[in-house]
Amino acid sequence: MSYYSYNNGGGFLSSIPPAIKNIIIINVLVMIMTALNEQYMIANFALFYPTSPFFKPWQIITHMFMHGGFWHIFFNMYTLFIFGTVLERIWGTKKFLVFYFVTGIGAALLHTGVQFIEAQVYMSQIADGSQQAAAAYQALKYTPTVGASGAIYGVLMGYAMLFPDSVLTLVFPPVSLKAKWFVIIFAVIELFTGIFSTSIRSVGGGVAHFAHLGGMLFGWLLILYWKKKSRMY
């Protein structure tokens, strides 16, 4: 196992690994650009369902650099800094970037797959004359998805798989558990919350719980693949 040091005596910023630092910078810049021209940024760079007139192929990547508000970007970037820094120092920048984008794109794919299932249900109900289903399908097509949360959940999964017995403590509530148990609890919560919110939703919006699960799933699969091929480090 190799550990990489990026601190060349230049202070705090120089101690942040390059991928983490640049991802944070890009997210902040995109946040500023979104504040300046929200309509343009959302329409072109947020992720829309493929049948939406706003959908563009590059959104599967660009949505990962957009956020819905200060606290959304703050918690995502803070989590990335805390756990992603550890992973990048172990794997190196190139390998970490592969992991980050695989989990982020995987999150988008699972999220879109769940939307596809929802859309089929809505279309069946529309054929039976349901106006509520028609409104829900329109909302699904026109509701944007933004955020790096899928990749962030992938980073959490990666950390828990490399350091399963490290003890983490939440600020609120002040609970301490091993990393592996935190990740399992997060996954169960996201699964049940995602199923429940999907089953009761009549219009789009809210938290993309299955995107979070997708990031964790693809992170888990990629690490299993690396382990099998002896390419973890």
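Descriptive notes on the structure:
- Just one of the listed residues (VAL175, VAL171, VAL167) is surrounded by fewer than 19 Cβ atoms within 10 Å (Cβ to Cβ), in contact with a helix residue (DSSP H, G or I) (Cβ under 8 Å, 6 or more places away or on another chain) and modelled with pLDDT under 95, namely VAL167.
Yes or no, residue by residue, for (1) closer than 16 Å to ALA151 by Cβ; (2) of a type in the set (Val, Ile, Thr); (3) out of contact with any Cys (no Cβ under 9 Å at 6 or more places or on another chain); (4) assigned to a helix (DSSP H, G or I):
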residue	(1), (2), (3), (4)
ALA19	yes, no, yes, yes
ALA35	no, no, yes, yes
TYR40	no, no, yes, yes
TYR49	no, no, yes, no
HIS63	yes, no, yes, yes
MET77	yes, no, yes, yes
ALA107	yes, no, yes, yes
GLY113	no, no, yes, yes
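- Tallying residues that are modelled with pLDDT of 90 or more and surrounded by 13 or more Cβ atoms within 10 Å (Cβ to Cβ) within segment 202-233 yields 14.
- So PHE81, is it over 21 Å from TYR225 (Cβ atoms) and out of contact with any Gly (no Cβ under 6 Å at 6 or more places or on another chain): yes
- Scan of segment 79-89 for residues that are of a type outside the set (S, T, N, Q), more than 13 Å from GLY147 (Cβ to Cβ) and touching a helix residue (DSSP H, G or I) at 6+ places or on another chain (Cβ under 7 Å), ordered by number: PHE81, PHE83, GLY84, VAL86, LEU87, GLU88
- Answer residue from segment 8-44, given it is hydrophobic (A, V, I, L, M, F, W, C) and more than 19 Å from the chain's Cα centre (by Cα) and is modelled with the lowest pLDDT among those: PHE12
- Candidates LEU156, LEU97, filtered to the one that is more than 25 Å from TRP181 (Cβ to Cβ), out of contact with any Leu (no Cβ under 8 Å at 6 or more places or on another chain) and not β-branched (Val, Ile, Thr): LEU97
The values are calculated or read from the model by the stated rules, or taken from the named source; none is laboratory data. Predicted model only: the values in this text are computed from it and were never measured. Glycine also receives a Cβ, built like all others from the backbone with ideal geometry; neighbour counts cover every protein chain displayed.
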